[in-house]
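Working notes for the structure below.
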Amino acid sequence: MRILVPGTGVAGLALAVELTARGHEVSLIERAAEFRTGGTPIDIRGDALGVVARLGLLPRVREHRVDASERGVFVDAHGATVAPLPVEQVGDSDDDIEITRDDLARILVDALPPGVPIRFGDSVVALDENEDGGRVDVGFLSGHRESFDLVLGADGLHSAVRRLVFGPEADCVRHLGVHLGIAHVTDDAAGNTGGAGDTPSEFCNYPGHMAGFMRFKGETLALLAFRAGPIDHDHHDLAAQRRIVAEAFAGHTEWEIPRLLGAVRRDPAFYFDAISQIHLPAWHRGRVALVGDAAYCASPLSGRGTSLALTGAAFLAEALDRHPGDHTAAFEEYAARQRPYVEFAQASVDEGAGIVVPDSWEAIRARNEALGGAEAVESVR
Ligand SMILES: Cc1cc2nc3c(=O)[nH]c(=O)nc-3n(C[C@H](O)[C@H](O)[C@H](O)COP(=O)(O)OP(=O)(O)OC[C@H]3O[C@@H](n4cnc5c(N)ncnc54)[C@H](O)[C@@H]3O)c2cc1C
């Protein structure tokens, strides 16, 4: 089949690898001008490791494994350690490999056969099924039009495919009350070289806010998270996103917050989004289906978004194999296999925000005590 896959994150790339391996003709499009990079290391867990193994990619994934170790700590406003980071926030075991999003994406790109077209800087703006229902006519932002047998939207949390086929984002998004900004730190005075003995990752809280350095493999990221309701903004307006983060931490000069905000101002690949989930009763309509965050985002708090993207891509491709000529049966089988993983991942975030961004000093103290740390220093401001 001729299949359009919008989105070149883990879901879109894994799907393209799975589909081309089965003889389908895949076209990828990506809204950004190049592959989007950045983000914290992500986890490949449980059955998603089986997907990676079946694709023959496990040795390379292991080779790029991030040994984040347990050396993450919460610190107070003066930089003194108040609690260790809970191990489950760090992950890493035989059933859970941590790898950077960029390394995983590169491994998937390398696994694509040569010649798979990837068009950057384009998006889907119209999707119409032919009158006989045999094809989908796709209109692109670039003005180009083309027909495909299937459109499989892997275009992330703010999916355009989902909006065109299932309606506005507001109808299926569940905002979890936290926003997250991530920027590269290029002046890590702590000297993170990726070797043993490096300064651990450090995170500092005041009520409803978390700011810190995540250090791994010689890289340092600034992480800034804060509690707030939905913030209406253009998801592609970097300047507006930088302003939102700066305003959320305005007036806070304690610890390393000014330096962290400096990284937000400087990093051209700064990432910002609301921590949200997507809940949809069905992930397909006609010849269009969704995979990954576009269909069932579980949020970074779940630590399972990438695993869902990998199992989703595999189940969808396998189902299309098992039901040749019957995409509806294939989409239904994909949903039936994937749904339990999604429900588990989405339900797993209940406690997440409480650990990362406690909303009061009492909650910060209780968290630190529960983690076996000393009492937080309260004189932050
Ligand atoms: C830059 C970045 C950083 C991230 N950092 C983290 C992190 O630190 N922790 C974490 O848990 N998760 C993070 N995520 C989310 C995580 O990658 C996903 O939850 C998971 O890997 C599932 O991936 P996905 O492919 O479904 O979605 P995504 O990784 O979001 O990929 C979707 C892709 O589709 C593209 N796209 C969007 N709209 C369109 C459109 N209209 N047409 C074509 N393409 C479009 C996007 O640019 C993106 O490349 C990040 C995502 C991105 C994009």
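The values are calculated or read from the model by the stated rules, or taken from the named source; none is laboratory data. This one's a predicted model, so the numbers in the text were calculated from it and none came from an experiment. Cβ: placed from backbone, ideal geometry, glycine included. Neighbour counts: every protein chain shown.
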Does residue 161 fit the bill of being closer than 26 Å to residue 20 by Cα, in contact with a Phe, Trp or Tyr (Cβ under 8 Å, 6 or more places away or on another chain), within 14 Å of the ligand (Cβ to nearest atom) and in a helix (DSSP H, G or I)?
-> no
May I ask you to verify whether residue 110 is under 28 Å from residue 310 (Cβ atoms) and not hydroxyl-bearing (Ser, Thr, Tyr)?
-> yes
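Under 25 Å from residue 44 (Cα atoms), within 9 Å of the ligand (Cβ to nearest atom), at pLDDT 95 or above and in contact with a strand residue (DSSP E or B) (Cβ under 6 Å, 6 or more places away or on another chain): is that true of residue 299 in this structure?
On the way: under 25 Å from residue 44 (Cα atoms): yes; within 9 Å of the ligand (Cβ to nearest atom): yes; at pLDDT 95 or above: yes; in contact with a strand residue (DSSP E or B) (Cβ under 6 Å, 6 or more places away or on another chain): yes.
So residue 299 fits the description; yes.
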For the range 18-30, does any single residue satisfy the condition of being over 30 Å from residue 85 (Cα atoms), under 16 Å from the mean Cα position of the chain (by Cα) and assigned by TED's automatic domain parsing to the domain that holds residue 104?
-> yes
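Please determine, by comparing only the residues of the range 128-161 that are of a type in the set (D, E, K, R) and in contact (Cβ under 8 Å) with a residue 60 or more places away in the chain, which one is surrounded by the most Cβ atoms within 10 Å (Cβ to Cβ).
If we filter the range 128-161 for residues that are of a type in the set (D, E, K, R), which is where we start, we get 128-129, 131-132, 135, 137, 145-146, 149, 155.
Okay, now just the ones that are also in contact (Cβ under 8 Å) with a residue 60 or more places away in the chain, so 129, 135, 146, 149, 155.
Working: 129: 16, 135: 17, 146: 13, 149: 15, 155: 28.
Top of the filtered list is 155.
Just give me the residues in the range 214-237 being outside any loop (DSSP other than H, G, I, E, B), modelled with pLDDT under 95 and not acidic (Asp, Glu), in sequence order.
Across the range 214-237, the qualifying residues are 214, 215, 216, 220, 221.
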Could you check residue 246 against (1) at pLDDT below 95; (2) surrounded by fewer than 15 Cβ atoms within 10 Å (Cβ to Cβ) and say which number it fails?
-> (1)
Might you let me know whether the range 41-52 holds any residue that is charged (D, E, K, R), at pLDDT 95 or above, more than 15 Å from the ligand (Cβ to nearest atom) and outside any strand (DSSP E or B)?
-> yes
What single numbered condition from (1) over 20 Å from the mean Cα position of the chain (by Cα); (2) modelled with pLDDT of 95 or more; (3) outside the structural domain of residue 294 (by TED's automatic domain parsing) fails to hold for residue 137?
-> (3)
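Would you mind finding the one in 294, 314 that is in a helix (DSSP H, G or I), more than 17 Å from residue 241 (Cα to Cα) and touching a Ser or Thr at 6+ places or on another chain (Cβ under 9 Å)? Give the steps one after another, and end with the answer.
Values: 314 fails: touching a Ser or Thr at 6+ places or on another chain (Cβ under 9 Å).
That would be 294, the only listed residue that is in a helix (DSSP H, G or I), more than 17 Å from residue 241 (Cα to Cα) and touching a Ser or Thr at 6+ places or on another chain (Cβ under 9 Å).
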Neighbours by Cβ (under 7 Å, 6+ apart or cross-chain): first from the range 341-355, over 21 Å from residue 203 (Cα atoms) and at pLDDT below 95; second buried (at least 20 other Cβ atoms within 10 Å of the Cβ) and among the small types (Gly, Ala, Ser) = 348/302
Return the pairs, sorted by first residue and then second, in which the second residue is crowded, with 17+ Cβ neighbours inside 10 Å and aromatic (Phe, Trp, Tyr), the first residue lies in the range 41-60 and is over 16 Å from residue 100 (Cβ atoms) and touching a residue at least 24 places away in the same chain (Cβ under 8 Å), the beta carbons are less than 8 Å apart, and the residues are 6+ apart or on different chains.
-> 47/341
In the set 231, 257, the lone residue that is surrounded by fewer than 18 Cβ atoms within 10 Å (Cβ to Cβ) and not assigned by TED's automatic domain parsing to the domain that holds residue 5 is 231
Note down all Cβ pairs under 7 Å where the first residue falls in the range 317-339 and is of a type in the set (S, T, N, Q), the second is at pLDDT 95 or above and surrounded by 18 or more Cβ atoms within 10 Å (Cβ to Cβ), and they're at least six residues apart or on different chains.
-> 338/311; 338/312; 338/315
